[in-house]
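In what follows, a single structure is set out as structure tokens and then discussed.
The values are calculated or read from the model by the stated rules, or taken from the named source; none is laboratory data. As the structure is a prediction and not an experimental result, all values here were calculated from the model. For neighbour counting, all protein chains shown are included, and Cβ atoms are generated from backbone atoms with ideal geometry for every residue, glycine included. Keep in mind that these areas ignore ligands, DNA and RNA; they rest on the heavy atoms of the full protein, side chains included. Shrake-Rupley method; radii C 1.70, N 1.55, O 1.52, S 1.80 Å.
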Amino acid sequence: MIFLFLLPPYLAVVIYMLVRFFHWLKNCNHRFNWKRFKIPFTVVYISLALSPLLAFFLPKSAVAVVVRRVSTYWIGVLMYSAIAVGVFELLRIIAKHTKLKNTKLFSRGGTVTIGSIVTACAVLVCVYGGINARNIRITEYSVSVDKKCEGMDELNVVLIADLHLGYSIGVDQMEKMVDKINEQDADIVIVAGDIFDNSYDSLDDPEGIKEQFRRIKSRYGIYATMGNHDIEEKILMGFTFSWGESPALSQQMQDFVKDCGMKVLYDESVLVDDKFYIVGRRDRDKPGTADGSRAEIGELTKDLDKTKPVFVIAHEPDELQQTADAGADIDFSGHTHDGQLFPLTVIVRTIWENPCGVLKKDSMTSIVTSGVGVYGPFMRVGTHAEICRVKVKFNG
């Protein structure tokens, strides 16, 4: 398991950050070095550091949900605190080999100043990330399809993905999403997977969320696929423990989305109003089938009338060339979050052919949304929560 390999460096970072923090505080004021301060602070700090493990092992309960939510914020705070400390430590090492080594930079005052800057940077980034994650933006795209669509020249598609309803996203944020969606005057709403956050019990108000989904207005309805987090599965700091297995889709989750008024497609297609096809794919990593397989995209489109527009919903933006070769006109996806948090925003571009936005693949257009929710920390740094409004023009 990857987590077991990452646990030692995680603990090393936790301990190092605590030591450096106490060193800074001691230089700020000698009272911070007193045991009556250091002991309770250390207890709270270690509790936060162990909160991901506590959330993993605690039985399902309201307490477990609270601990899990605290742990997600903790991971974000620790990450940006470690990055800030790491950058300044590197600069300090470099400065030691220059003429700056004999300056006030390495005095007690210098330590206090640098520590204050590091702390301020970490706090500001985390606060900004939390505010930015709640700010849902509208991203508009215009796409042309060289086919006729009976009775219409264009189609107004609203694309959302990666809601991650549960630990971080509840009724309040869902209400904001629906208000934004309804402002777009959608002909059809597409939900490209990861509706849940691996746990049905973490929903703050299932009936309230259903009510919000039912408020969504669109001419042809809501079509969706399930993603890799739309299953009941234990998560520890972002890692799952079902390698080599094929977890089944949760019946409770399937019933929930059905009650919400969504038409979920499980490796199947539907002809909408005799005008265009919607093809929904199972997730690549967690398809929810007994043998862990999913249908090939060519199998799903081979019997379709290709003179009509063909729209594919695939949670992960994979197999783009195969999807284009299968006759798809547009492939709607999510999953990537566009990295969600810097520097993951840079890394994600080395993993996916289309990490976010629009990519032309032969005659097909791939559209990937950064997602409307969050995974893990309720923060977005270097990315935005978004709802995509896609104007599809038919030029047959």
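Round to a whole number: what % of the accessible area of region 267-396 belongs to carbon and sulfur, probe 1.4 Å? Working shown, then result.
On the way: 2300 of 4720 Å².
Carbon and sulfur: 49 percent of the exposed surface of region 267-396.
Order of 247-259, 353-365 by packing, highest average Cβ count within 10 Å first?
The packing order, highest mean first, is 353-365, 247-259.
I need to check one value: relative contact order of region 241-396, counting alpha carbon pairs closer than 8 Å and at least 6 residues apart, in percent.
16 percent
So what are the ³J(HN,Hα) numbers for region 266-276, from phi and the Karplus equation (6.51, -1.76, 1.60; θ = phi - 60°), rounded to whole Hz, Gly and Pro as x?
These are the phi-based 3J(HN,Hα) values: 10, 6, 8, 10, 9, 8, 8, 6, 6, 10, 8 Hz.
What is the distance in Å between the Cα centres of region 264-299 and region 157-178?
Going from one Cα centre to the other spans 23 Å.
For helix 62-96, what angle does its Cα long axis make with the longest principal axis of the chain, in degrees from 0 to 90 and rounded to 10?
With rounding to tens, the tilt is 60 degrees.
Running a GNM on the chain with Cα contacts under 10 Å, which residue among ASP267, ASP162, ASP205 ends up with the highest mean-square fluctuation?
Fluctuation is largest for ASP205.
Can you pull the one-decimal nm distance between simple spin-label points at ILE93 and LEU124, each 7 Å off the Cα toward Cβ?
About 2.5 nm separates the two model spin labels.
May I ask for the angle, rounded to the nearest 10°, between helix 2-28 and the longest principal axis of the chain, with both axes built from Cα atoms and the value confined to 0 to 90°?
Rounded to the nearest ten degrees, it is 40.
Restricting to Cα pairs below 8 Å that are 6+ residues apart, what does the relative contact order work out to for region 125-273? Please round to a whole percent.
22 percent
Once you have a ≥ b ≥ c as the square roots of the Cα gyration tensor eigenvalues for region 180-231, tell me rounded if a/c is under 1.5, and otherwise prolate or oblate according to whether a/b is larger than b/c. It would help to have the intermediate numbers written out before the result.
Details: a/c = 2.91, a/b = 1.52, b/c = 1.92.
Taking the square roots of the gyration eigenvalues as a ≥ b ≥ c, region 180-231 is oblate.
Percent relative contact order of the chain, based on C-alpha pairs within less than 8 angstrom and at least six residues apart?
Working: 758 pairs, mean separation 83.0, N = 396.
The value is 21 percent.
Out of (i) 61, 55, 43; (ii) 77, 49, 40; (iii) 63, 57, 54, which label holds the value of Cα extents along the principal axes in Å that was computed here?
(ii)
Indicate the gyration tensor shape class of region 186-300 (rounded, prolate or oblate), computed on the Cα atoms with a ≥ b ≥ c the square roots of the eigenvalues: a/c under 1.5 is rounded; otherwise a/b larger than b/c is prolate and the rest oblate. Walk me through the numbers before you get to the answer.
Details: a/c = 2.61, a/b = 1.20, b/c = 2.18.
Taking the square roots of the gyration eigenvalues as a ≥ b ≥ c, region 186-300 is oblate.
Once a ≥ b ≥ c are taken as the square roots of the eigenvalues of the Cα gyration tensor of region 45-156, is the result rounded (a/c under 1.5), prolate (a/b larger than b/c) or oblate (a/b not larger than b/c)? If you can, show how the numbers build up before the last one.
Details: a/c = 3.83, a/b = 1.61, b/c = 2.38.
The shape class here is oblate.
Measuring with a 1.4 Å probe in the full set of protein chains, what accessible area per residue, in whole Å², belongs to region 2-111?
66 Å²
Carbon-plus-sulfur fraction of the accessible area of region 1-90, 1.4 Å probe, in percent? Walk me through the numbers on the way to the answer.
On the way: 4360 of 5490 Å².
That fraction is 79 percent.
With a probe of 1.4 Å, find how much accessible area region 331-377 has per residue, and write the answer as a whole number in Å². Could the numbers behind the result be given before it?
Numbers: 1670 Å² over 47 residues.
Ligands and nucleic acids excluded, the figure is 36 Å² per residue.
Per-residue ellipticity at 222 nm for the chain, helices alone: DSSP H runs ≥ 4 residues times -39500 (n - 2.57), over residue total, nearest 500 deg cm²/dmol?
For the chain, the value works out to -13000 deg cm²/dmol.
Give me the extension gain from THR103 to ARG349: residue separation times 0.36 nm, minus the current Cα-Cα distance, reported in nm with one decimal.
The span from THR103 to ARG349 would gain 84.4 nm if fully extended.
For a Förster distance of 22 Å, can you work out the FRET efficiency between the beta-carbons of ASP303 and ASP146, rounded to the nearest 0.05?
The value I calculate is 0.55.
Report, in degrees rounded to the nearest 10, the 0 to 90 angle that the Cα long axis of helix 108-134 makes with the longest principal axis of the chain.
It works out to around 20 degrees.
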